[in-house]
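Any read-out appearing in this document is the output of simple, stated calculations on the displayed coordinates, not a laboratory observation. As the structure is a prediction and not an experimental result, all values here were calculated from the model. Backbone-built Cβ (ideal geometry, glycine too); neighbour counts: all protein chains shown.
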Amino acid sequence: MSPTPSPTGYRLSQIILHWLVFALVVFLFVTGDDMTHAWRAMVKSGATTWSSPWIPIHIACGLLVLVAMLARLALSRRYGAPPPVEQAKPLRILSVGVHHLLYLDLILAPLVGLAAFFIFPKLGGAHEFLVRLPILVLVGLHAVGAIYHRIVLRDGVMERMVFPARD
């Protein structure tokens, strides 16, 4: 099934998934130190039990991020996305790059985290890297871009992720 070429906005399901991922990433980031301490204690002691309540909570939330991101990709493929607004080529390249890297990171981080926890513990450092600096930078750039569109350009881009399309 080919995507709709140019809807006027996002569907409610796409908007809900966007904000669900945002909320989960904030929660995981805020509680990440607790998971890191639990993970390091588990690796150091060689324990295989889930000795901290943060471990299953973190894994469940990470799985939700992965499922939500895959669902977002499927919905985007099925229904399309609104066309990009007119902007200078460097800004368009930055915007597309940030979005692609954010999607990549939000899919890779849970996969690497699962692999680290269940198969290859040495991947824990790679997971920790993926969820620290890249996420901060990419989410920061994404937020700055949204604010720029809202306050400076006033082009309605931000509203597309708040109000569902009537397509």
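Which of Leu141, Leu66, Leu153 ends up with the largest GNM mean-square fluctuation for the chain, with Cα atoms connected below 10 Å?
Leu153
Determine the shape class of segment 78-131: with a ≥ b ≥ c the square roots of the Cα gyration tensor eigenvalues, call it rounded for a/c under 1.5, and otherwise prolate if a/b is greater than b/c, oblate otherwise.
oblate
As a footprinting exposure proxy, order Asp33, Asp105 by other Cβ within 10 Å, with the fewest listed first. List each step's numbers first, then the result.
On the way: Asp33 10, Asp105 19.
So the ranking, lowest neighbour count to highest, is Asp33, Asp105.
Note the angle between two axes, namely the Cα long axis of helix 54-79 and the longest principal axis of the Cα atoms of the chain, as a number of degrees from 0 to 90, rounded to the nearest 10.
So the inclination is approximately 30 degrees.
Fewest first, what order do Glu128, Glu159 take by the number of other Cβ atoms within 10 Å? Don't skip to the answer; put the middle values down first.
On the way: Glu128 18, Glu159 11.
Least crowded to most crowded, the residues run Glu159, Glu128.
First measure r as the distance between the Cβ atoms of Phe118 and Leu73, then evaluate 1/(1 + (r/R0)^6) with R0 = 22 Å and state the FRET efficiency to the nearest 0.05. Write down the numbers at each step before the final one.
Numbers: r = 23 Å, r/R0 = 1.07.
Once the sixth-power term is evaluated, E becomes 0.40.
When only C-alpha pairs under 8 Å and at least 6 residues apart count, what is the relative contact order of the chain, in percent?
37
Grab the alpha carbons of segment 24-95, take their convex hull, and tell me the volume per residue in Å³.
So the per-residue hull volume is 137 Å³.
Counting each DSSP H run of 4 or more residues in the chain as -39500 (n - 2.57), what helix-only mean residue ellipticity at 222 nm follows after dividing by all residues, to the nearest 500 deg cm²/dmol?
So the helix-based figure for the chain works out to -23500 deg cm²/dmol.
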